[in-house]
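The values are calculated or read from the model by the stated rules, or taken from the named source; none is laboratory data. Quantities reported herein were computed from a predicted structural model and do not represent experimental measurements. Neighbour counts run over all protein chains shown; Cβ positions are idealised from the backbone, glycine included. All accessible areas refer to the heavy atoms of the entire protein, side chains included, with ligands and DNA or RNA removed. Shrake-Rupley method; radii C 1.70, N 1.55, O 1.52, S 1.80 Å.
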Amino acid sequence: MNIWKQRLEKQSTSTILVAVAVMLIALLLPSKIALLGTTLFFVLFSILKPQQSILFLVIYVNIRPFLLEVNSGMKLIGDLIIFVVFAWTLFHYRHNLRSLFTFKWFEWSYFAFILFGSIVGILNHVTPMSIIFQIRTFIIMYLLYYIISRMTLTNKWLQQLAWATVWVNVVMSLHGLVEKLSLRQWLLPEEWKYKVLSATNAVRIYGLAGNPNSLALSLFFGIIGIIYLQHAYQQNKYKWTFRVLLVLFFGILVLTYSRGTWISAVVFGIVFILMTKKWYLLKRLMIAGVASIILIYYPVNLAVQYIQELSVEVEQKPDGAGSIGGRFGETFDEKNLALMTESGRFFYISKGFEIFGDHPITGTGFGSFGGSATLSYGSPIYDHYGISSDIYGGKYFYSDNQYIQVITETGVIGVLIFALFLLSMLRLFWKSRHTNFGVFMIALWFSTGVSGMYYNIWELKMYTLFYFILLGAFVAFSKPQDTSKPTNG
């Protein structure tokens, strides 16, 4: 029996490696051929191996910005996998319609929020395409929850999820070091190499995610993955591998200078450790954190300074721009505060409340303020509220605050529905607060809530990928396992 299980595990790993190999080969092909080839392969892959295709998504979504920059023919892989596995789920439960149409309170709230925001958007003359784009943003990763919550999962699948998360972060971390030490000249697409960055952002690692905050959030889940695997392999198996990787991930996380992710990670850690009383985790994390500063942060920054001194073309960064203290100091710097008030986060918040003052009950609808849809389609209200000029970024800005977007676009009614969505999830997790998984989801819920203060967190694909996968796994493990349904791992 153990031999059979080991063979299944090896086959699962092999299928993911094959999918990765296909993706890398397609990266080198002309875009049209790559588009056709990946479409055919991943449709078949998703039908035959639905659970493994979800694990592959963890790899693909994290590095998608890099893949698309190199070859636009890679753009459909993620959507293909999700929709094909969704269709697979509908097919396998076709004789159990009750299971397909049974939803929890947080789901009904989520649907109501999306429907309400869409209707209000139509009434406020937001273009249909913009509203559809926004609906897709909210729904696409939710489908992962829908799929996974109806699967029969095993602890081995969770371990495979953790391994996929860890190894993609290993690749991203090593690539990030190359990016940093080469002054953004090696292993990057041409457009990324010559992208003009401010002195503040030039010291940050962007990585394969193409964004330091996205990279930091991925590393946050990578660290969680390592801790989970350390617990799963308690007989000292991979002991030093996990320790080294933990230090590596912490070091790169620091070098992203992502204040928001640092805060969210601390919130997660505090809630989880206090509720589980696993004080040894605090010691483990502190040792890894200190080691990462000594072994990665300072050596890398010293190496970069030396390389900069050798290069006559690289302008030296301002004092403090490349330090942890300097990064936090910028938060309260008078110039930075003035800039955020004139055209940054504070400006968007103040404008959001100004718009809310004119539309307090229903807001202005999806696709009208600071969301992913406005990045592509603009907004019918921007001109009226004086936020269309270039100084404010025109239509190309995120509100960088999920709550002001919800307040502005959906008003009091939308806020109440969204609050029901969030609190219904917390109630679900709280019922399982005596289990490690339940406490984990409570901690992740609080961490996500904090992240919403400085990210449009429910629109961030990389984050919602992890959140909805874990939410689906939590629900799947919380229900009686139906062994009559195939797992198709």
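Which whole-number percent is the relative contact order of the chain (Cα, under 8 Å, 6+ apart)?
Rounded, it is 22 percent for the chain.
Candidates S149, F41, G411 compared by Cα position along the dipole of the chain: farthest toward the positive end lies S149, with charges placed on Cβ.
Based on the Cβ-Cβ distance from R259 to I47, what FRET efficiency comes out when R0 is 35 Å, to the nearest 0.05?
After rounding to 0.05, the efficiency reads 0.25.
The residues neighbouring P189, those whose beta-carbon lies less than 10 Å from its own, together hold a net charge of -1 under the Lys/Arg +1, Asp/Glu -1 convention. Pairwise alpha-carbon distances in region 224-308 exceed 20 Å for 40% of all pairs. What FRET efficiency comes out for the pair K461/A303, r = Cβ-Cβ distance, R0 = 30 Å, nearest 0.05? Between K461 and A303 the formula returns 0.35.
Considering only protein heavy atoms and a 1.4 Å probe, what is the carbon-and-sulfur percentage of the accessible area of the chain?
Of the solvent-accessible surface of the chain, carbon and sulfur hold 68 percent.
Here are some values of P(r) over Cα pairs in 10 Å bins from 0, in percent: [x] 4, 22, 32, 27, 12, 2, 0; [y] 4, 18, 28, 29, 17, 4, 0; [z] 4, 19, 27, 25, 17, 7, 2, 0. Which one was computed from this structure? Only one listed value fits the structure, namely [y]. Taking every protein chain into account, the accessible area of region 104-153 amounts to 39 square angstrom per residue (probe 1.4 Å).
Each other residue within a Cβ distance under 14 Å of D358 adds +1 if Lys or Arg and -1 if Asp or Glu, for a net charge of -1. When the helices of the chain are scored as -39500 (n - 2.57) per DSSP H run of n ≥ 4 and the total is divided over every residue, the value at 222 nm lands at -23000 deg cm²/dmol.
Cα-Cα over 27 Å: which of K239/K278; K156/K278; K156/K461; K156/K431; K237/K461?
On the way: K239/K278 19 Å; K156/K278 23 Å; K156/K461 25 Å; K156/K431 24 Å; K237/K461 33 Å.
Check vs 27 Å cut-off fails for K237/K461.
Taking a ≥ b ≥ c as the square roots of the Cα gyration tensor eigenvalues, with a/c under 1.5 meaning rounded and otherwise prolate when a/b beats b/c, else oblate, which class fits region 131-208?
Details: a/c = 3.85, a/b = 1.62, b/c = 2.37.
It comes out oblate by the Cα gyration axes.
For the chain, hydrophobic long helices are taken as DSSP H runs at least 24 Å long by C-alpha position along their axis with mean Kyte-Doolittle hydropathy of -0.5 or more; these are 2-27, 31-48, 50-70, 105-123, 155-181, 212-232, 239-255, 259-276, 402-430, 461-478.
Each Lys or Arg adds one and each Asp or Glu takes one away; over the other residues whose Cβ falls under 13 Å from the Cβ of F437, this sums to +3.
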